[in-house]
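Only one structure is covered here, and it is reproduced in the block below.
Bear in mind these aren't lab numbers, they're just calculated from the coordinates by the rules spelled out. Quantities reported herein were computed from a predicted structural model and do not represent experimental measurements. Because the Cβ atoms are built from the backbone with ideal geometry, glycine has one as well, and the counts that use them run over all protein chains shown.
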Amino acid sequence: MISDRNVEANRLGQKQGELTYWTSDGAGALDVLASWTPVSADAFQAKLVAAAAQFPLIEDPEFHEDHKHVTLYVHGYNNTWMDAVQRYQSICESLFSGEDSLGLCILFTLAVAGSSAGLLSGPICCGCGFS
C-alpha cells in the first residue's frame, strides 16, 4: 500500500500526511493497520521488483491472457481508508489470488476529504523514479 494519509491509532485517517509505504502478507483483516508493516520507499520498490520478477515469462504474445500484471488500485473520491482497504481486499480476493491470479495489486490510498480540489493540490509520486 502507498498512502499520503495521516496515521491514527489502528488506521489511516482522512488528513494528508507524509507519503508512506506498507506491506502485508495478506493474513488477517487488512482494515486493521496492525496487519500492515511500514517500509521505506527503497524497500517497497525492491519488494515490488522482486515480486514482479517472479511472474512467468510469456514467450508467445498470442497468449496474453496468461500474463501477470502489477495493478495500482486507486479508490474513489472521498473514501475513508476503511472503505478503500475493504474494497481493495475484495478485489485482491477475487482477481489477485489463487492459481488464476492476475498478478499483484497495490492499493494507493489518498487523503481526499471534503473537496475534490484536494485532488489537484500537487503531484504525488510513489517513489518509482519517474515524475
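Can you confirm whether Leu48 is in a helix (DSSP H, G or I) and under 14 Å from the mean Cα position of the chain (by Cα)? Yes. Against the conditions (1) under 19 Å from Leu95 (Cα atoms); (2) in contact with a helix residue (DSSP H, G or I) (Cβ under 7 Å, 6 or more places away or on another chain); (3) of a type outside the set (Ser, Thr, Tyr); (4) free of Cβ contacts under 8 Å to residues at least 12 places away in the same chain, Asp25 satisfies every one except (2).
Can we say Ala34 is in contact with a strand residue (DSSP E or B) (Cβ under 6 Å, 6 or more places away or on another chain), among the hydrophobic types (A, V, I, L, M, F, W, C) and touching a residue at least 24 places away in the same chain (Cβ under 8 Å)? For Ala34, the condition - in contact with a strand residue (DSSP E or B) (Cβ under 6 Å, 6 or more places away or on another chain), among the hydrophobic types (A, V, I, L, M, F, W, C) and touching a residue at least 24 places away in the same chain (Cβ under 8 Å) - is not met.
Counting the residues of the range 80-106 that are closer than 21 Å to Gln16 by Cα and assigned to a helix (DSSP H, G or I) gives 8.
Looking at the range 18-33, which of its residues are farther than 15 Å from Thr80 by Cβ, touching a Lys or Arg at 6+ places or on another chain (Cβ under 9 Å) and surrounded by fewer than 19 Cβ atoms within 10 Å (Cβ to Cβ)? Result: Thr23, single match.
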